[in-house]
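The values are calculated or read from the model by the stated rules, or taken from the named source; none is laboratory data. Model, not experiment: these values are computed from the prediction. Please note: Cβ atoms are built from the backbone with ideal geometry, for glycine as well, and neighbour counts cover all protein chains shown.
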Amino acid sequence: NALSSGARVFMADFEDSCSPTWSNIVAGQQNLRDAVRKTIALETPEKSYRLSDETATLVVRPRAWHLEERHVLVDGRPISASLFDFGLACFHNAHALLDRGSGPYFYLPKLEGHLEARLWNDVFVLAEEELGLPHASIRATVLIETILAALEMHEILWELRERSTGLNAGRWDYIFSAIKKLGAVLPDRAQVTMTVPFMRAYTELLVATCHRRGAHAIGGMSAFIPSRRDSDVNATAIANVREDKLRESRAGFDGTWVAHPDLVPVATEVFGAVLDGRPNQLERMREEVAVTAAELCDFAVTGGEVTDAGVQANVSVGTRYLDAWLGGVGAAAIDNLMEDVATAEISRAQVWSWVRAGLVEAETVRAEIAAAPVSYAAKELFAEVALADEFVEFLTLPAYDRLP
């Protein structure tokens, strides 16, 4: 459905919306290979799914640098999950994509600086040489979802200059990074919107940086999902996505993401009205934008507060997501939102920061965890990362050890 939805791009995700069980990773690579060759299909008792003649351009998101693939060893050690995902995708599909007038396009997550971008560029150069691909035929969009990367956007674009298609503005992981790296203590997650000062500053800087360098600025994922059974939920989702995409298109973004195929028409309509036949907004240089490092690091949210409802929401959503992830489901619909690992990360990070700041009692958190309608494994994992003495860098590190 997503490939045939009318979207320009579909992301095949091996990262935050994929629970990396071995079966999921292998099946994902097989599905990617079939999609490239347009042979992918699905039969269900209710419906048969086939690709239309016109499909979205495929972009692959490999896992981030901190993750390993323990099922494949190199010199007796687990291979980098980043290299494993990229290597298989490129080896099996690069030539086929180029033959079809497309190419091996990738979406790079979790970068914290230009040296990681340089490493990816070195990987791309080696792959092109080894596979006999045209120079700079591998292209990449970098997801700016860490506050450290936001401070080095020019440098990241420079390191990937021959292969960079643009930068994408992250959301939940960016907020998670502010907590993890700079100790931000933020109010309830629902109050930290894209219009609060530090988030607005970062997204405006991203657009200005990209357009100054001739690169595309891509807006963030809107997590709202529609309902074909509940008209009120559907109307709310469409209204929220429309508002989100109006803000992005007016800010100068060249494109955006949505979480569900049914929301493609809304995003297309909004951006189409602003673009008015143009392929992008690169001419909008946003020269009036003058964001400082201090503004990026000013986490004040006017009127923001930590509430009991905020604690309950973080524990409820975080534990339910982890329950799904441990069961092999990486993209989970929870409370009419499409959630991935970033949701669990910001949920547990906020809880951890609130407890450390004395705003919430650890016993209150334990009581909420105990009441959650999820497996013991999910409760144990959430408690481990939300109530640890020292901040756990990524919850996927202890979580991966619990997967089959």
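Annotations for the structure displayed:
- In the stretch 41-64, the residues that are free of Cβ contacts under 8 Å to residues at least 40 places away in the same chain reach residues that are surrounded by 12 or more Cβ atoms within 10 Å (Cβ to Cβ) with C-beta atoms within less than 6 angstrom, at least six apart or across chains, in these pairs: Leu42/Tyr49.
- Set Ala259, Ala208, Ala273: member being in contact with a strand residue (DSSP E or B) (Cβ under 8 Å, 6 or more places away or on another chain) and of a type outside the set (Lys, Arg): Ala259
- Screening Leu157, Leu151 for residues that are over 19 Å from Ala89 (Cα atoms), among the hydrophobic types (A, V, I, L, M, F, W, C) and surrounded by fewer than 21 Cβ atoms within 10 Å (Cβ to Cβ) leaves exactly one candidate, Leu151.
- Selection status of Gly28, farther than 20 Å from Gly132 by Cα, assigned by TED's automatic domain parsing to the domain that holds Glu155 and not in a loop (DSSP other than H, G, I, E, B): yes
- Check on Pro279, buried (at least 16 other Cβ atoms within 10 Å of the Cβ), not hydrophobic (A, V, I, L, M, F, W, C) and not in a helix (DSSP H, G or I): no
- Out of Ala94, Ala81, sole residue that is over 19 Å from Ala136 (Cβ atoms) and buried (at least 18 other Cβ atoms within 10 Å of the Cβ): Ala81
- In the set Glu345, Glu339, only one residue is in contact with a strand residue (DSSP E or B) (Cβ under 6 Å, 6 or more places away or on another chain), within 25 Å of Ser222 (Cα to Cα), at pLDDT 95 or above and not assigned by TED's automatic domain parsing to the domain that holds Glu68; that residue is Glu339.
- Selection within the stretch 43-66 - of a type in the set (S, T, N, Q) and farther than 20 Å from Leu97 by Cβ: Thr44, Ser48
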